[in-house]
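The values are calculated or read from the model by the stated rules, or taken from the named source; none is laboratory data. Quick caveat: nothing in here was measured; it's all calculated off a predicted structure. Here the Cβ positions follow ideal geometry from the backbone for every residue, glycine too, while neighbour counts run over all protein chains shown.
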Amino acid sequence: MDYKWLLFCPQLPATPSSPRVTIWRRMRSAGAVGLNNGLWLLPNSDSAKSLIEEMKTYVAAQGGISRTFLTDAFDPETESDLTESFLQDRAEEYAEFKEQCEHFLVEIQKEITRQNYSFAEYEENEADLNKLEAWFKRVQDRDFIGSEHAAEAVQWLDKCREVFQKFAQEIFLHEDPDHLHKMRFDPGRLDDFLLNDQHTSEVSVQSSSEKKKE
C-alpha cells in the first residue's frame with residue numbers, strides 16, 4: 001500500500017534539553033517513527049495533523065522553528081523500509097504487552113494458590129487489568145499499518161479478563177464479613193523487612209567471598 005506521509009522537522013535551541021524530550025515523548029506516544037537528525041514521520045491523518053500543529057506551536061514557544069512536509073516514498077524499497085519501521089515498533093510494544101499479561105495471570109494464580117480472596121486483592125488486580133486495557137488501546141491506536149501481532153495480543157488480554165472474572169467470583173464466594181482472616185497476608189513492619197533483607201544480602205555477599213577464597 002502506498003502511503004502519504006507527514007514529515008515533521010523541528011529545530012530547537014541547544015539548551016535546555018527538556019523540550020526535545022517532550023517532543024520525543026509526544027511523537028513516540030502518537031506512534032511516529034524517528035528518522036535521522038530529529039525528524040519524525042507519521043501517516044497522513046487528521047489526528048496526525050492536529051498533533052503536528054500542536055507541536056509546531058510548542059516548538060515556537062520554546063524559541064525554535066519547525067517545518068512539515070506532506071510527501072510519499074521515492075520508491076517501493078523506501079516505502080517498504082518505512083512501513084517495516086512502524087511494524088517493528090508495534091511488534092516490540094505488543095511483545096512487552098503480552099509479557100505484562102503473563103505477569104498478571106501469574107500473580108492471580110499465586111493469590112489463588114494462597115487462597116488470598118480479599119477485596120483488597122480484587123481492587124489491586126482490577127487496577128492492573130484496567131492498566132492493561134488502557135495500554136492495549138494506546139498501542140492499537142498507533143498500529144497504523146496493522147501488525148500481525150495484534151490478534152495474539154487480543155487473545156492474551158481476553159484471557160486476562162476471563163481469569164480476573166473467575167477470580168472476582170471466588171472472592172465474592174469467599175467474602176468474610178466478620179474479618180476472621182483479616183491481615184492474613186500482612187508482611188509486617190517495613191523496618192523488619194529491610195533489616196531482614198539487609199541481613200540476607202550480607203549473608204549472600206559473605207558466602208560469595210568465602211567461595212572465592214576456596
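What the table below lists for this structure:
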quantity: Given (1) polar (S, T, N, Q); (2) assigned to a helix (DSSP H, G or I); (3) modelled with pLDDT of 95 or more, index of the condition Thr78 fails; calculated: (3)
quantity: Failed criterion for Arg67 (all others in (1) more than 30 Å from Ala168 (Cα to Cα); (2) among the basic types (Lys, Arg); (3) in a helix (DSSP H, G or I) hold); calculated: (3)
quantity: Residue within the range 117-124 that is modelled with pLDDT under 95, outside any helix (DSSP H, G or I) and surrounded by 12 or more Cβ atoms within 10 Å (Cβ to Cβ) present; calculated: yes
quantity: Test: residue in the range 12-21 that is assigned to a loop (DSSP other than H, G, I, E, B), crowded, with 18+ Cβ neighbours inside 10 Å and not assigned by the TED database to the domain that holds Glu162; calculated: yes
